[in-house]
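The structure appears below as structure tokens.
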Amino acid sequence: MRTAFGLRFDVPDGYLNTASIGVPSTGTVDAVTAAVATWGAGGARPTDFDADTDAGRDLFARLVGVPADRVAVGATVSQLVGIIAADLPDRARVLVAEDEFTSVSFPFAAQADRGVQVDEVPLAAIPDKAADYDLVAVSVVQSADGAVVDLDALREAVQGRSTRVLLDTTQAAGWLPMRLDWADHVVGTGYKWLLAPRGSSWLAQHPDAPAPRASHANWYAGGGMDSIYGLPLKQAPGGRGLDLSPVWLAQVGAAASMRELAALDLEQVRDHCTGLANRVRAELGLAPAGSPIVAVPGDDVARKLAEAGIASAARAGKARLAFHLYNTDADVDLVLGALRG
């Protein structure tokens, strides 16, 4: 059992795979366990989960720096990106980063039959190329190697332009302080750095961006139980009108976890996580970077890490290490010992 930033985690030594799946605190585990027990005893009702769903909406908004009334609830990032992609005009031009996570790029590529064109450029070139496109879709932090997009440069590049920006915060929210209220669309999922169960995701829609068609319109987005039968179509105002019906137990865990994270000083969390990652980078002869993700090249690296009991992930031909708030210098020492072996 580890204690980090006042929270308790039953996380083993050498767990460096948060970029694939985060480990919840014992408080989050307790909240989900209690909800499962109530459900298992026949005591759960659909409306019992509304408070946690609403809390998750508000807490995601706080963690990415947007107003809560913009936020829609979903289950996966690709679902929510798909709403935006399906509503693009025919022959729209979309810019993505090379080797972008496909939940960001595939929904746009799937619109090719309508003439939607998706181009890839190196991440560093995104701000320079942005103004030539109708929409830029990019992860704030790249999944494969932890590279961070230059948000200030991107914001400046599209200011006063018609280019829309979609940002995926999946590998950033939970450790990186952000204020993304300027972006047209902000998406993210909960099961990585937000330490929530899989099945919780969110979309923040800027009020000045074109309102997308609610192609996944459903009773929950109608705003109440009076929208469960019959026409006409009902949509709640703001982001609520784009809601997908929530995954109940995932929302319970997301609310519990994000309450804990939102109460922390994320600048301290960021410095802790990136500091650990930079120790590994120094050993590899790499410059410090503002990311908790380290992609380690080498044919035998993944094997050495696994033999040392280190949980990592193989991504893009490298071993990916991810340091979160529950990791310590002892985890770095395990990595360095394995790499020297």
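Tabulated values for the structure
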{"quantity": "Per residue, in Å², the accessible surface of the chain once ligands and nucleic acids are set aside, probe 1.4 Å", "calculated": "43"}
{"quantity": "Packing-based order for 160-169, 27-36, 40-49, 249-258, using average beta carbon neighbours within 10 Å, highest first", "calculated": "249-258, 160-169, 27-36, 40-49"}
{"quantity": "Residues whose placed amide H lies under 5 Å from that of Ala72, excluding near-sequence neighbours", "calculated": "Leu203, Ala204, Gln205"}
{"quantity": "With DNA, RNA and ligands ignored, accessible area of Ile310 (1.4 Å probe; Å², nearest 10)", "calculated": "10"}
{"quantity": "By average C-beta atoms within 10 angstrom, highest first, the peptides 7-17, 199-209", "calculated": "199-209, 7-17"}
{"quantity": "Sequence of Phe5, Phe323 when ordered by accessible area, the most exposed leading, probe 1.4 angstrom", "calculated": "Phe5, Phe323"}
{"quantity": "Answer label, with P(r) over Cα pairs in 10 Å bins from 0, in percent calculated from the coordinates and candidates (i) 6, 25, 32, 24, 11, 2, 0; (ii) 5, 23, 29, 23, 15, 6, 0; (iii) 4, 12, 10, 8, 7, 5, 4, 4, 4, 3, 3, 3, 3, 3, 3, 3, 4, 4, 4, 4, 2, 1, 0, 0", "calculated": "(i)"}
{"quantity": "FRET efficiency estimate (nearest 0.05) - Cβ-Cβ, Leu233 to Arg114, R0 35 angstrom", "calculated": "0.90"}
{"quantity": "Per-pair calculated FRET efficiency, R0 = 35 Å: Arg179 and Asp329 via Cβ, rounded to 0.05", "calculated": "0.70"}
{"quantity": "Under 14 Å from the Cα of Lys192 - aspartates and glutamates, other chains or at least 8 residues apart", "calculated": "Asp168"}
{"quantity": "Span-like helix ranges in the chain, DSSP H, alpha carbon extent 18 angstrom or more, Kyte mean at least -1.0", "calculated": "26-40, 50-64, 248-262, 266-283"}
{"quantity": "Probe 1.4 Å - accessible area at Glu267, Å² to nearest ten", "calculated": "100"}
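The values are calculated or read from the model by the stated rules, or taken from the named source; none is laboratory data. All figures in this text were calculated on a predicted structure; none of them were measured in a lab. Cβ: placed from backbone, ideal geometry, glycine included. Neighbour counts: every protein chain shown. Accessible surface areas use protein heavy atoms only, side chains included; no ligands, DNA or RNA. Shrake-Rupley method; radii C 1.70, N 1.55, O 1.52, S 1.80 Å.
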